[in-house]
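S.K.: My structure is below; once you've seen it, I'll send some questions.
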């Protein structure tokens, strides 16, 4: 295979990054199953009514001109794939994904740009590939310590995203969540900042679990004993993310937001799922997610990822949706 | 030499989920066209037609005839200032109206003739302003390409039987010419003159002492002579399903243009044209717009309004500048709850003017409690917004106990002219420091 960016031949059939220019050899691809964007989302008017700035001449809603990033798919192997979709309501896809494998190591990252920051799409697009690159380079080293490596990868991503600020005020700076995983056999090391999640799904739904715990206002006040779960859930802004890549830190006196990193031994065959809140806002219970599994998904992880994304779109697609699925044997 | 316009929008485009009111301040600046700066230039040589409508009712001759004497001097001195390429006329008004100097070019000969006619004016009769306006309307040319300005001076109230005819006359004159209204002395009514100036896109002011008339007239004429563009409009496009809640001029003074909006020619359902009248080569005016749109979903972005300044020369229309008013729905209260400073400032200035007018009205009818409360709130708002001019005027009517809290006491003795000055100038706003 040749590098899609510079054309240089790849080092080996299983290589993930170009040795010449460093670009990913498996960049996300626009899929032919991208949804059509002809009719105006606001009023159904035809594309001839769009003005030069991209707004519908009838109802004023920003016309969605289909962009490649609206629907991305990456397939590293039949048992390791991911999908990222704009959804229906958001004017652009601010999620990004990256996945790669070498030998028996697989690495993956999902990043969800914080909408209320400026240019969140640049934050997520910078972070996800950088995380995977660092993870893969380190994971294949003989004495690799996955937890240390995960901290390093997320730390590097933090610096990268902060550098996007360009001297502008921190409150407005591009920001993104991140959830990343290093998978080797049944051993997975998960690291995260924010409310993008990792799940283990098993055909036996009761064995399925959530592997991460959101860095959200809700969890922080409940953990601190300030409010009960019921009370906290009813508050507006309960799901506000408290730790991110870039953006203002949760506690400026303590420096940048720290990720949580955990190593887990998975109990048996099944799937590792990484996803953004565009999915779990519709289906969050691990058993409910497991109900989407079908026989044959182990050899067609892309089908599983697509199925979950489509479900979120059918339920309304209020947000961008990203799902990465990796078969565990 | 022509003029170019630029429009700048000040707004917080973020709305909470379900919110549907979009506020924006549009700052429109006219500047001498530099050429080669990419801006559309409009206007050029636009001659002025200026009409003097002078009250010659019986009351103008009272007190030794001082008011009419000074008015005549003021008109004659103003006529002298006219440039030769301008046109002018003089109407003397009482129950009827008499065109003492019909429209003519401001040549030395015509000026001399008019000067003599004005010198001969005598007081007598009542006040029926409808007739003065109708006489003026007939004098102004019908062809486009002229700046059409009138100055109406009175010293008293309009006759009650003229109330309806005056409404009809104003409707007929709307769009035909602009008119500034001035009251000399204290026997006239502020809201009567406001009702004349508002539809005719003009200002109102008091000239307490007749000796001040000459200077005031010269100021008005100088501004009229400086007009470079005869007729500009603010064209507002909104999406289908949206309504324009209001369009108000907020600087240099307040004027509600909402009712003057007319459907645009090309896209009547979605555009409204608000007349702005004549513009000088270098000036800035600001407008507060409010558009009610169909609320979008979180993450959606919408063009809530497109503002353009359109200049017409009668046959052709030129779009001089354009700006966008946006709306983006978000669930981040940190973004949607922020008030844009310009919008907040002018909302406050509007509240200030309203409190002054309501406070003065309460004082007039003897409701001291209401007057104290309203004028106290006005003192607070004026101080907060740094509107020093209004603060000074307020202090002539109330004694300020605590400016921050808005605690005031009505003064026992107030010069009526001071109360009327506060009333007429309540609509003058300050600009926000940028």
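Rule-based calculations on the coordinates, nothing more; no lab input. Being a predicted model, the structure only gives us computed values, none of them experimental. Here the Cβ positions follow ideal geometry from the backbone for every residue, glycine too, while neighbour counts run over all protein chains shown.
S.K.: Under 15 Å from the 7 Å Cα→Cβ point of residue B:313, by amide nitrogen: which residues of the range B:135-152?
M.R.: Those under the cut-off are B:143-147.
S.K.: How large is the helix-only mean residue ellipticity at 222 nm for chain A, computed as the sum of -39500 (n - 2.57) over DSSP H runs with n ≥ 4, divided by its residue count, in deg cm²/dmol to the nearest 500? Please list the in-between numbers first.
M.R.: Values: 7 runs with 73 residues, N = 329.
Value at 222 nm, helices only, nearest 500: -6500 deg cm²/dmol.
S.K.: Taking 0.36 nm per intervening residue step and subtracting the Cα-Cα distance, what contour gain separates residue B:119 from residue B:85 on full extension? Can you show the working numbers first?
M.R.: Values: separation 34, 0.36 × 34 = 12.24 nm, distance 2.36 nm.
Extra length from residue B:119 to residue B:85 when fully extended: 9.9 nm.
S.K.: Considering only C-alpha atoms, what is the centroid distance from the range B:284-323 to the range B:129-143, in Å?
M.R.: Cα centroid to Cα centroid, the span is 33 Å.
S.K.: Distance between the C-alpha centers of the range B:163-202 and the range A:267-290? Whole Å please.
M.R.: First find each Cα centre; the distance between them is then 72 Å.
S.K.: Given springs between every Cα pair under 10 Å in a Gaussian network model of chain B, which of B:307, B:338, B:379 has the largest fluctuation?
M.R.: Comparing B:307, B:338, B:379 in a Gaussian network model of chain B, the most mobile one is B:338.
S.K.: Can you list the equivalent-ellipsoid semi-axes of the range B:286-335, largest first and in whole Å, using the square root of 5 times each Cα gyration tensor eigenvalue? Could the numbers behind the result be given before it?
M.R.: Details: eigenvalues 200, 23, 16 Å².
Square roots of five times the eigenvalues give 32, 11, 9 Å.
S.K.: Quick one: compute the contact order of chain B, relative version, from alpha carbon pairs under 8 angstrom and 6+ residues apart, as a percent. Mind dumping the intermediate values first?
M.R.: On the way: 994 pairs, mean separation 82.4, N = 434.
It rounds to 19 percent for chain B.
S.K.: Going by C-beta contacts inside 10 Å, put A:324, B:220, B:134, B:356 in order with the fewest on the left. Don't skip to the answer; put the middle values down first.
M.R.: Working: A:324 30, B:220 21, B:134 18, B:356 26.
Placing the least packed residue first, the sequence is B:134, B:220, B:356, A:324.
S.K.: Right, something else. How much mean residue ellipticity at 222 nm does chain B get from its helices, if each DSSP H run of length 4 or more adds -39500 (n - 2.57) and you divide by all residues, to the nearest 500 deg cm²/dmol?
M.R.: On the way: 11 runs with 137 residues, N = 434.
Computed ellipticity for chain B at 222 nm equals -10000 deg cm²/dmol.
S.K.: Subtracting the Cα-Cα distance from 0.36 nm times the residue separation, let me have the gained length for residue A:238 to residue A:52 in nm, one decimal.
M.R.: 63.1 nm
S.K.: How many angstrom lie between the C-alpha centres of the range B:53-88 and the range B:330-369?
M.R.: Answer, in whole Å: 39.
S.K.: OK, next. Relative to 2.2 N^0.38 Å, what does the C-alpha radius of gyration of the range B:93-250 come to as a ratio? Two decimals please. Can you show the working numbers first?
M.R.: Working: Rg = 17.4 Å, N = 158, 2.2 N^0.38 = 15.1 Å.
In units of the globular-protein estimate, the range B:93-250 measures up at 1.15.
S.K.: Between rounded, prolate and oblate, where does the range A:53-93 land on the alpha carbon gyration tensor, with a ≥ b ≥ c its root eigenvalues, rounded for a/c under 1.5, else prolate if a/b exceeds b/c?
M.R.: Numbers: a/c = 5.94, a/b = 3.67, b/c = 1.62.
The shape class here is prolate.
S.K.: While we're on this one: Taking a ≥ b ≥ c as the square roots of the Cα gyration tensor eigenvalues, with a/c under 1.5 meaning rounded and otherwise prolate when a/b beats b/c, else oblate, which class fits chain A?
M.R.: Because its axes are fairly even, with a/c under 1.5, chain A counts as rounded.
S.K.: Continuing with the same structure: Would you mind checking the tilt of helix B:163-173 against the longest principal axis of the Cα atoms of chain B, expressed as 0 to 90 degrees and rounded to 10?
M.R.: 70
S.K.: What distance in nm lies between label points placed 7 Å from Cα along the C-beta direction at residue B:392 and residue A:287?
M.R.: 7.8
S.K.: First measure r as the distance between the Cβ atoms of residue B:292 and residue B:266, then evaluate 1/(1 + (r/R0)^6) with R0 = 35 Å and state the FRET efficiency to the nearest 0.05. Kindly include the intermediate steps, with their values, before the conclusion.
M.R.: Details: r = 23 Å, r/R0 = 0.65.
It comes out at approximately 0.95.
S.K.: Cut-off 10 angstrom, C-alpha nodes, Gaussian network model of chain A. Which of A:217, A:192, A:280 fluctuates the most?
M.R.: Most flexible of the set in this elastic network: A:217.
S.K.: Modelling each spin label as a point 7 Å along the Cα-to-Cβ direction, I'd like the residue A:12/residue A:254 distance in nm, to one decimal.
M.R.: A separation of 4.1 nm, rounded to one decimal place.
S.K.: FRET efficiency for residue A:156 and residue B:142, Cβ-Cβ distance as r, R0 = 60 Å, nearest 0.05? If you can, show how the numbers build up before the last one.
M.R.: Numbers: r = 75 Å, r/R0 = 1.25.
Efficiency at R0 = 60 Å is approximately 0.20.
S.K.: Using Cα atoms only, what is the angle between the long axis of helix B:108-119 and the major principal axis of chain B, expressed in degrees (0 to 90) to the nearest 10?
M.R.: 80
S.K.: Most exposed first by the Cβ proxy, i.e. fewest other Cβ within 10 Å, how do B:291, A:321 rank?
M.R.: On the way: B:291 23, A:321 33.
Listed from fewest to most nearby Cβ atoms, that is B:291, A:321.
S.K.: Classify the range B:247-390 from the C-alpha gyration tensor, please: rounded if a/c falls under 1.5, else prolate or oblate depending on whether a/b exceeds b/c. Don't skip to the end; give the middle numbers.
M.R.: Details: a/c = 2.25, a/b = 1.38, b/c = 1.63.
The shape class here is oblate.
S.K.: Also, I was wondering about something else. How far apart, in nanometres, would the label points at residue B:367 and residue B:161 be if each is projected 7 angstrom from Cα along the Cα-to-Cβ direction?
M.R.: About 3.4 nm separates the two model spin labels.
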